1. For segment 234-261 and segment 68-136, compute the distance between their C-alpha centroids and round to whole Å.
2. Can you say what percent of the DSSP beta bridges in segment 56-121, counting only those with both residues inside, are antiparallel? Round to 5.
3. With a 1.4 Å probe and all protein chains kept in place, how do Ser254, Ser109 rank by accessible area, largest first?
4. How charged is the neighbourhood of Tyr153? Take every other residue with its Cβ under 12 Å from the Cβ of Tyr153, and add Lys/Arg as +1 and Asp/Glu as -1.
5. Could you pull the Cα extents of segment 9-63 along its three principal axes, largest to smallest, in whole Å?
6. Quick check: from the Cα gyration tensor, does segment 188-273 come out rounded (a/c under 1.5), prolate or oblate?
7. Answer rounded, prolate or oblate for segment 215-323, using the Cα gyration tensor with square roots of eigenvalues a ≥ b ≥ c: rounded when a/c is under 1.5, else prolate when a/b is larger than b/c, else oblate.
8. Arrange the residues Asp70, Asp106 by how much accessible surface each exposes, largest first, with a 1.4 angstrom probe.
Amino acid sequence: MNNLFDQLQEQGAPPALIGVVRALVAATGDIAQRVRRGALADILGATQSENVQGETQQRLDVIANTLVKDYLLRCPAVALLASEEEAQVVPAHQDGKYLVAFDPLDGSSNIDINAPIGTIFSIYPVRKGIAIESEAQFQQPGRAQVCAGYVLYGPSTLLMITLGRLTQCYTLDPTDEVYRLTADALQIPPAAQEFAINMSNAHFWQTSMQAYVNDLVLGETGPRGKRFNMRWSAAMVGDVHRILIRGGIFLYPSDSRNAQQPAKLRLLYEANPMALLVETAGGKAWTDHQPILDTVAQQLHQRVPVILGAAQEVDACLGYVTE
Ligand code: F6P
């Protein structure tokens, strides 16, 4: 009974939704096998092309996108797809019940150095009264997600998943390629000992964010009165996974590096799925002014500031930035 699909059924997931998860598990299983073989599978290095966001695509970005897209397109329950690597939505089945947004390969700068990378996904119901192939299908708050999760390709391959009631972690058993439940009903401790932020952007943050992080760094002698450790894995899956397993806060605030693009992380396939996993595990997930899950995407590749993790620490941070 500790196998993923038995567990989903037990939690009341409809067969069509389980079908979508099966497609994601098959696609990410294929990616995991290639990641394990690394250079031997000829997956390292960059392509000559850029994605819709103007980022150079790594070869594995393209391979992972093709695999996830192909498996999902073959699943009859899927109506429409949105991917980090696709400029527009991709129509699947007219009578499909679900929309899937995904980041096929999160943490692309880690691929060639054999550091953690992942696939993030978010599943929504189709909206009635809106054309099935319309991008407006995705104009829903993150709270409408019926399932969200990520696969982390690390020393073990893990699946973190929620249907909105429990955040569960499954480990892929390489002997039979079955995901087995290895951590149930995860709860993030409300107080944090660790923070994750790319400090090299500090000069470009708003002064309130600078003040918050300065106070963390001051440790016992500062206004927070305790020492905080810092970690940054350059892959949101790696940092959020650490927070779900042992606590802490993750921040990717807006900054002034590029006036056209103050925030970095994408709402539909990065912030929303992580926010649902974190909130279900008792944590908080905010932009700089509202819960991430209450934000309705106005654009497919919309970006938002992200502050998530331990509930008390997110509140402490918001105390500075919303002042
Ligand atoms: O694009 C997403 C992402 O790779 C996240 O996974 C990660 O948290 C962040 O960007 C890393 O950003 P930076 O390169 O600025 O450290």
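The values are calculated or read from the model by the stated rules, or taken from the named source; none is laboratory data. In this text, all values refer to a predicted model and were calculated from it rather than measured experimentally. Quick reminder, even Gly has a Cβ in these numbers, built from the backbone with ideal geometry, and neighbours come from all protein chains shown. In case anyone asks, the SASA skips ligands and DNA or RNA and just uses the protein heavy atoms, side chains included. Shrake-Rupley method; radii C 1.70, N 1.55, O 1.52, S 1.80 Å.
1. 22
2. On the way: 5 of 10 bridges.
Counting only bridges with both partners in segment 56-121, antiparallel ones make up about 50 percent.
3. Details: Ser254 20, Ser109 85 Å².
Largest accessible area first, the list is Ser109, Ser254.
4. On the way: positive: Arg34, Arg36, Arg37; negative: Asp30, Asp106.
Net charge in that neighbourhood comes out at +1.
5. So the extents along the principal axes, rounded to whole Å, are 45, 29, 12.
6. Working: a/c = 2.34, a/b = 1.16, b/c = 2.02.
Oblate, because a/c is 1.5 or more while a/b does not exceed b/c.
7. Values: a/c = 1.72, a/b = 1.40, b/c = 1.23.
The shape class here is prolate.
8. Numbers: Asp70 65, Asp106 10 Å².
Sorted descending by solvent-accessible area, the residues read Asp70, Asp106.
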